Each structure stands twice: as structure tokens, then as C-alpha cells.
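Inspection log for the structure reproduced underneath, given as C-alpha cells.
The values are calculated or read from the model by the stated rules, or taken from the named source; none is laboratory data. This structure is a prediction, so every number in the text was calculated from the model and none was measured. Every residue, glycine among them, receives a Cβ derived from its backbone with ideal geometry; neighbour counts consider all protein chains shown. We work out accessible area using only protein heavy atoms, side chains counted, and drop any ligands, DNA or RNA first. Shrake-Rupley method; radii C 1.70, N 1.55, O 1.52, S 1.80 Å.
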Amino acid sequence: MSDAKIRAAQKALDYIKPKINSKSILGIGTGSTVNCFIELLKSCPALVKGVVSSSDASTRLLRDIGIDVFNLNDIDEVEFYIDGADEIADDLSLHKRWRWCTYARENYCKQPLRTFYVLQIKSKIVSKLGCFPIPVEVLSQARSFVARKLTTMGGTPKLRHDFITDQGNEILDLSGITIDDPISLETKINSIPGVIDNGIFGLRKADKIFIG
Ligand code: 5RP
């Protein structure tokens, strides 16, 4: 675990501690930075009632340290959602690689009423999003159709081989399209039938970032 990631996680925990109580449900994302946050929760598992998690990987880690992981269907509200990102722009819009099998479940954090905190290291702050392909989660049966649509938009979609998300979907990594307007590109990609979600978080940006 890098010191910067641990520092970002510690800052976030210090910040939210006074805002939560033993009845709170936290949303927890996925990735090595989030893992640092989970590690810190080890010393205070009773801080919250439980969590919802964006991936099976985070769920396992959380359960290992004795934290209850709820299904989103079984709870009323998640007040805070904590996640990492791979690029973050000045206006706090994000771009994620989705190397983990989480994707569609990150939709939790796109809910407007939740406060969305992102743990970050300095090197991921960019003036413009898009230095790696945009991951697009698709229903397997719609993969070719979606790929043709993305090609019509001017992009080059490439199937991520041997990779299935926790929800059983596939990923097309889309290159050749610049992210000039994150909101309109995110919306345009998501409007293709068969697309579950994509790695641009422009519609639901971070509310606050913690830089380690
Ligand atoms: C999970 C993600 C991660 O938050 C993102 O990839 C950052 O990962 P890391 O904290 O390991 O650098 O998007 O889907």
C-alpha cells in the first residue's frame, strides 16, 4: 500500500467520522486506495451499522474484518459513498479504468442524494480526462451491436479478453474518442441499447476529494 493512498484514506476517515454513527450505512467502492480505507476500518468496525459495496472483492475484505455488507435492496439510504478513480479533472469529473469487476454497481454512487467522496493521489489529477480508453460495460449479447455503434461515433472498441464483471457482463475498451465534454459523451454512450454504464463520471462528479 502506498503512503499517499493511506494518507488519502486517513483524511477521508477523519473527515467523515464526526458525520456518521452506529446507524449509518456507508457505500464503499473498489481498488487499492479503497482497500487502504477498508484497512483503517479494521480498528473501528463498530463505527457504522454496515456498508454496501461496489464489488465482490471489497465485500470479501469488509466481511473479513467483521463489517456487515448489505444488499442495496435491503436498505433505505446510503449517505456517503467512498471510492477511488483513475483520473480526476479540475471540475471533479472522473474517469475510471475499471480494472476491477465492479462497474454497474458503481451506479450506487451516481445517486444524487449521496455524498460522493473520492480518495486520490496527486498524479491522477489531470487537466483533461482521457489518457486511457473509456471502459464500456455491455450485455454480452449486445456486444457486437454496441461495438458497431461506438465505431460509428468515431471510436475503436476493443473487447477486454477473459474479463467478466461481477454482474456477468463484458467490457469494451473504447479508444479514438476524446473526452471534450464528459457529460455529453457519458450520456451518448449510455444511450446505446445494451450499454450498462461507462467509466466517465461527468453527470455524477465527486463532491469532495481527499488527496494523499
Ligand atoms: C474501481 C475503480 C478504482 O477506484 C480505480 O481504478 C482506482 O483504483 P486504485 O485505487 O487501485 O488506483 O475505478 O472500479
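Take the Cα of residue 75, step 7 Å toward its Cβ, do the same at residue 145, and the gap between the two points is 3.5 nm. Gain on full extension, evaluated as 0.36 nm per residue between residue 164 and residue 92 minus their Cα-Cα distance, stands at 23.1 nm. Please state the shape class of the chain: rounded when a/c is under 1.5, otherwise prolate if a/b exceeds b/c and oblate if not, all from the C-alpha gyration tensor. Verdict is prolate for the chain.
Counting each DSSP H run of 4 or more residues in the chain as -39500 (n - 2.57), what helix-only mean residue ellipticity at 222 nm follows after dividing by all residues, to the nearest 500 deg cm²/dmol?
Numbers: 5 runs with 52 residues, N = 212.
That comes out to -7500 deg cm²/dmol.
Were the residues from residue 19 through residue 68 laid out at 0.36 nm apart, the gain over their Cα-Cα distance would be 15.7 nm. Scaling against 2.2 N^0.38 Å puts the C-alpha radius of gyration of segment 1-50 at 1.09. Pairs from the list 42/122; 49/122; 128/158; 5/208; 149/205 with a Cα-Cα gap above 20 Å: 42/122; 49/122; 128/158; 149/205. How many angstrom lie between the C-alpha centres of segment 149-212 and segment 1-74? Using only Cα atoms to place each centre, the spacing works out to 26 Å.
The mean of 1/r over all pairs of different alpha-carbon atoms in segment 128-183, once inverted, gives a Kirkwood hydrodynamic radius of 11.7 Å. Amide H contacts under 5 Å for residue 28: 52, 53, 54, 82, restricted to partners 5 or more places along the chain or on a different chain, H placed in the peptide plane at 1.01 Å from N.
The residues of segment 140-192 expose on average 56 square angstrom of accessible surface per residue, using a 1.4 Å probe on protein heavy atoms.
All C-alpha to C-alpha distances of segment 153-211, sorted into 5 Å bins beginning at zero, yield P(r) values of 4, 15, 23, 24, 17, 12, 5, 0 percent in whole numbers. Kirkwood hydrodynamic radius of segment 10-79, from the reciprocal of the average inverse Cα-Cα distance over all distinct pairs: 12.0 Å.
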